[in-house]
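First the structure, then my questions, so here it is.
The values are calculated or read from the model by the stated rules, or taken from the named source; none is laboratory data. Bear in mind that the values here come from a model prediction, so they are computed numbers and not experimental data. Every residue, glycine as well, gets a Cβ built from its backbone with ideal geometry; the counts of neighbours run over all protein chains shown.
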Amino acid sequence: MIDLKNLPNQERDEVVQIFLRSHWIKLVDIFGLSFFLIALPFVLLSVGKMQGVEVTSMPLVGPLLAIFLGIYLIMITMIGMTRFTDYYLDTWIVTTERIINIEQHGLFSRVVSELHLNQIQDVTSETRGVAATFLSYGDVYIQTAGTRERFNFKGINNPDEVKEKITNLIKSDKRRHGDASRRNELSN
């Protein structure tokens, strides 16, 4: 877990302004699908039992079914926990100087990227769909002037507010440090 008071390469006056994770609705998706997939074989066995088909009491089929059911349940649980780990460890940190994007890819792979506020050219927020509108979640896209990929804050809470805060931080960073792009143009 990252210590928000002591970030890597933290400057002396740098202060964390925003700490983000994906919206809680993503957890409903993760656990809802896992619960459905775990309950499905038991529902099918119950329906079979009501129809008079006792698959579990058959001499060869019963033990094989128990083994396959155990393997199936372990796999669904592992997939659900991997998706939860991905949800929990995907974070975005916005400070007075930079944006840090931490993306978990599976269990053993993580990508940490950072972008200084003076490199940002465009900040866009997007909310799509009825659920996203009512629950106030969406995406924020941050674009730089260079060829670097844009940062995507996926499925975060209150994307419009986050966009406004980042835009205000960019403005205050330019006031504090001067507009680096204007200085570069004047020097050429």
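Residues being surrounded by 14 or more Cβ atoms within 10 Å (Cβ to Cβ), acidic (Asp, Glu) and free of Cβ contacts under 8 Å to residues at least 40 places away in the same chain: count how many of those fall in segment 144-175.
Number satisfying all stated conditions: 1.
Follow-up. Leu107: free of Cβ contacts under 8 Å to residues at least 40 places away in the same chain and either in the same structural domain as Lys165 (by TED's automatic domain parsing) or not in a helix (DSSP H, G or I) (or both), yes or no? Lay out the reasoning, then the answer.
Values: free of Cβ contacts under 8 Å to residues at least 40 places away in the same chain: yes; either in the same structural domain as Lys165 (by TED's automatic domain parsing) or not in a helix (DSSP H, G or I) (or both): yes.
Considered against the rule, which asks whether it is free of Cβ contacts under 8 Å to residues at least 40 places away in the same chain and either in the same structural domain as Lys165 (by TED's automatic domain parsing) or not in a helix (DSSP H, G or I) (or both), Leu107 comes out as yes.
Now, a different point. Would you mind finding the one in Thr56, Thr124, Thr82 that is modelled with pLDDT under 95, assigned by TED's automatic domain parsing to the domain that holds Ser46 and within 18 Å of the chain's Cα centre (by Cα)?
Numbers: Thr56 fails: within 18 Å of the chain's Cα centre (by Cα); Thr124 fails: assigned by TED's automatic domain parsing to the domain that holds Ser46.
Residue meeting the stated conditions: Thr82.
List the residue pairs whose Cβ atoms are under 9 Å apart, where the first residue sits in segment 81-103 and is free of Cβ contacts under 8 Å to residues at least 24 places away in the same chain and part of a helix (DSSP H, G or I), the second is surrounded by fewer than 16 Cβ atoms within 10 Å (Cβ to Cβ) and not hydrophobic (A, V, I, L, M, F, W, C), and the two are 6 or more positions apart or on different chains.
Between residues of segment 81-103 that are free of Cβ contacts under 8 Å to residues at least 24 places away in the same chain and part of a helix (DSSP H, G or I) and residues that are surrounded by fewer than 16 Cβ atoms within 10 Å (Cβ to Cβ) and not hydrophobic (A, V, I, L, M, F, W, C), the close pairs are Thr85/Gly106; Asp86/His105; Asp86/Gly106; Leu89/Arg110.
Considering only residues of segment 127-148 that are among the hydroxyl-bearing types (Ser, Thr, Tyr) and more than 14 Å from Asp160 (Cα to Cα), which is farthest from the chain's Cα centre (by Cα)?
Once the filter is applied, the top-ranked residue is Thr147.
What is the one condition in (1) of a type in the set (Phe, Trp, Tyr); (2) within 17 Å of the chain's Cα centre (by Cα); (3) in a helix (DSSP H, G or I) that Tyr72 does not satisfy?
Exception for Tyr72: condition (2).
Moving to a separate point now. For segment 145-177, enumerate the residues that are of a type outside the set (A, V, I, L, M), modelled with pLDDT under 85, in contact with a helix residue (DSSP H, G or I) (Cβ under 9 Å, 6 or more places away or on another chain) and not in a helix (DSSP H, G or I).
Of everything in segment 145-177, those that are of a type outside the set (A, V, I, L, M), modelled with pLDDT under 85, in contact with a helix residue (DSSP H, G or I) (Cβ under 9 Å, 6 or more places away or on another chain) and not in a helix (DSSP H, G or I) turn out to be Gly146, Arg148.
Continuing with this model, one more query. Which condition number in (1) more than 13 Å from the chain's Cα centre (by Cα); (2) under 27 Å from Leu20 (Cβ atoms); (3) among the aliphatic types (A, V, I, L, M) is the one that Val111 fails?
It fails just one condition, (1).
To continue, here is another question. Sort out which residues of segment 120-145 are more than 18 Å from Ile100 (Cβ to Cβ) and not hydrophobic (A, V, I, L, M, F, W, C), and write them in order of number.
Gln121, Asp122, Thr124, Ser125, Glu126, Thr127, Arg128, Gly129, Thr133, Ser136, Tyr137, Gly138, listed by residue number.
If you take the residues in segment 86-112 that are surrounded by 14 or more Cβ atoms within 10 Å (Cβ to Cβ) and of a type in the set (S, T, N, Q), which one is nearest to Leu40 (Cα to Cα)?
So the residue we want is Gln104.
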